[in-house]
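Here's the structure we're looking at; comments come further down.
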Amino acid sequence: MPTDPRDAMRAWFLGPRAENAELLERLVVESLRDHVFWRRNYHPEDGFAIREMDKRQQGYEETVATLTQELMGLLAELKRDVPFFSGRYKGHMIGEQTIASQIGYFATMLYNPNNIAIEISPVTTRLELEVAGQLARMIGYDPSRSWGHLTSGGTIANFEALWLARGVRYLAVAAAGAAGELGLDLPVRLPGGTTAPIAELALWELLNVTNQDTLDLWERLWQSAPRPEVQRALTNHSLAAIGYQEYSRRLALDYGDPLPAGVALVAATAHYSWEKIVRALGIGSNQLVHLPLDQFYRMDPDALWERVSALARRRQPILALVSVCGTTEESAVDRLDQVLQVRARAERELGATFHVHSDACYGGYAAAVTRRADGTRRTAAEIRESVGTDWPSEDWVRAVEALSQADSVTVDPHKMGYVPYAAGAILVRDGRTRHLVATDPPYLSPAEGPAPDTERFLGRYILEGSKPGAAAAAVWLSHKVIPLDERGYGYLIERTVAGAHRFHSALAGADLAPFRAVMLPVPDINIVCYLLCHPSLTTLRAVNEFNERVYARMSLTRSDGRPEYIITRTRLRSPAYDGAIDPILAALAVGSVDEWKASGPEGLVVLRSTIMDPFLAAPPPAPDHVRGFLGALRRACTEVLGAGGAAAGLLS
Ligand SMILES: Cc1ncc(COP(=O)(O)O)c(C=O)c1O
């Protein structure tokens, strides 16, 4: 009989009261002992560096005493850390870790492999590539064509995505220069479907060859001349070698066509890491264009089309478009299917194309919800029946299924994979892309031999260098125990969505009189946003101050460090949130859109609760953390107004 995920889930985590402590302890001891046996049996003839008599020396004993004492100190300190495991934690996008990932990390950490190269991680580099294949299959990529690897997190994964995207976008330009130098005549397919010789293409056309056609062209170039010559010629014309400053000057000279700077389009909800990334890549934050949102915090596809058309009219290249699957603040899922339709239309009607990236760092694991155990897709109706709510919509399923068509996707195991830090991941649909950023240090290249395994030398293709094999083992073991489909992660995430819906409707319907909760829309995944008001709060500033103080009482910033429940907060600012603000301000009945716009960075303070606790959906026999939260929230509100709110100028 197949395992029932409702039962299995009770064995996935240590538990809020460490209910599975015996299990974890047994596995920790097992892993440690097994490692000890390994050391003892590794060249047993080697003798001992530390003898029993050494352990009786004063210096030895003092060191052990110091270690023990300091560890006790550290353990005591850690009690002030954040109780992510508890149903009382409803803050940032972090929850419990799976036992599988904890034990996978612990066991492997003792061996300390470095996944930069297979030579120093013969086991875990393989696991890392397996994990990438599992994630690729989950989102719908063909693992035999795609490629991916783990990173230290979403920021680095996103960085690599734009790094690769830019490499592809400028590749046809480098190929044109190289072909000219080598005297080659290569045909290139343009987005409209016509084909033209590469030497006849204008700069704008070269910058608008689809990813697939660009990589095909590149392969043909390699086949048309001896490899060292192609390598040299490509390097002579590549942005990576020449650098932005000189490159722009040269292109203007060579093509007599100084095109405006290439831009990266991102959803207005984009994570702040994108700002860092365009700065670091030399693209410049002026070239980071934020696109408007709709009322559900999703990128507005009509606004996207308008922007793409305007850019094409100005012949301004688009390096990449970043859509989000699970926004940081609201867990909104952009309509990626519609975004891709916009690109297809741009190719047909404007002769313009761009790399489509999905930042699914938070929401990527939700793709497991759409998978049956045999890997086929579940319908929206099937999922709704299993969750017991009207979620998800057909549109949601279409948007998540469209991940399979994005050129690259980032998805973080250390977020909804419930795996310890540091574990992000990047996946590219066309694995050939990785060669565009390859670098070969002589000391790490695999030895020449009958079958040099260059594909397993990760350091060659990635931004980071040394990286923990333990992180790869943690993700790998977690995926083994909790499959990436309806039996595992799919079920787990469904429960969190059901929990978020329960939390949302309880808060929306709660009698908090004299206070009132104003809700942002029911989330696409599991982050619930809301704000509190009171009849005496008649300006946006007063509402903000009030919510800020409620947050301060319900977070670890609280002076006694002991909040009953832990939440977080964010600010909705203009112009990013212009498309979504109307209904919130209308429900709040305080202030106007113009006032909000004029408030600049002050914006509107919104309280935010990420529901990663899978046990919240159905009240367990233990405390019901929805009811408990409502009580704590009301107490916090009362304390704020009763604790000198008026005197402090809070009431206007
Ligand atoms: C949508 C999204 N992308 C990227 C990131 C960056 O991830 P990390 O903090 O792992 O670098 C985050 C982090 O919250 C995120 O929510």
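The values are calculated or read from the model by the stated rules, or taken from the named source; none is laboratory data. On a predicted model such as this, the values are computed, not experimentally measured, just so you know. Note that each Cβ is placed from the backbone with ideal geometry, even for glycine, and that neighbours are counted across all protein chains shown. Protein only, heavy atoms only, side chains kept; ligands, DNA and RNA dropped before computing areas. Shrake-Rupley method; radii C 1.70, N 1.55, O 1.52, S 1.80 Å.
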Once you compute Rg and the Kirkwood Rh from C-alpha atoms, what is the Rg to Rh ratio for segment 454-496? 1.17
Going Cα to Cα from K90, which lysines come in below 16 Å? Please leave out same-chain ones fewer than 8 positions away. K415
At q = 0.06, 0.08, 0.11 1/Å the base-10 log of I(q)/I(0) from the Debye formula over the alpha-carbon atoms of the chain is -0.39, -0.68, -1.16
If R₀ is 35 angstrom, what is the calculated FRET efficiency for the pair T538 and R17, using the beta carbon separation as r and rounding to 0.05? 0.20
When ranked by the protection proxy of mean other Cβ atoms within 10 Å per residue, highest first, what sequence do the peptides 216-226, 262-272, 70-80 form? 262-272, 216-226, 70-80
Relative contact order for segment 553-648, counting Cα pairs under 8 Å that sit 6 or more residues apart, in percent: 28
Round to a whole number: what % of the accessible area of segment 525-585 belongs to carbon and sulfur, probe 1.4 Å? 47
What does the charge count around E602 come to, taking other residues whose C-beta lies under 9 Å from its C-beta (Lys +1, Arg +1, Asp -1, Glu -1)? +3
Cα-based shape type of segment 211-347, given that a ≥ b ≥ c are square roots of the gyration tensor eigenvalues and the cut on a/c is 1.5: prolate
Could you work out the equivalent-ellipsoid semi-axes for segment 365-414, taking the square root of 5 times each eigenvalue of the Cα gyration tensor, largest first, in whole Å? 20, 12, 11
R549 accessible area, assembled protein chains, probe 1.4 Å, Å²: 60
Heavy-atom accessible area per residue, segment 366-447, 1.4 Å probe: how many Å²? 37
Using only Cα atoms, locate the centre of segment 240-280 and the centre of segment 211-234, then give the distance between them in Å, rounded to an integer. 23
Can you order the peptides 380-390, 418-428, 578-588 by their average number of other Cβ atoms within 10 Å per residue, highest first? 418-428, 578-588, 380-390
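Would segment 517-647 count as rounded, prolate or oblate if I go by the C-alpha gyration tensor, calling it rounded below 1.5 in a/c and otherwise prolate when a/b exceeds b/c, oblate otherwise?
Here segment 517-647 falls in the oblate category.
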Relative contact order of the chain, pairs being alpha-carbon contacts under 8 Å that are 6 or more residues apart, as %: 19
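Per residue, what volume in Å³ does the convex hull of the Cα atoms of segment 337-386 enclose?
113
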In Å², and per residue, what accessible area does segment 69-218 have when probed at 1.4 Å with the other protein chains present? 40
Under 5 Å, built H, 5+ apart or other chain: amide partners of V188: A196, I198
Cut-off 11 Å between beta-carbons: net charge of the residues surrounding T151, Lys and Arg +1, Asp and Glu -1: -3
Add +1 for every Lys or Arg and -1 for every Asp or Glu among the other residues with Cβ under 14 Å from the Cβ of A508, and state the total. +1
For segment 243-293, shape from the Cα gyration tensor axes a ≥ b ≥ c, cut at a/c of 1.5 then a/b versus b/c, turns out oblate
The chain, helix-only ellipticity at 222 nm - DSSP H runs n ≥ 4, -39,500 (n - 2.57), divided by all residues, nearest 500: -13500 deg cm²/dmol
Most to least packed among 518-526, 81-89 [average Cβ atoms within 10 Å]: 518-526, 81-89
For segment 320-406, what is the per residue volume of the convex hull drawn over the alpha-carbon atoms, in cubic angstrom? 102
Considering only DSSP beta bridges with both partners in the chain, what is the antiparallel share in %, to the nearest 5? 65
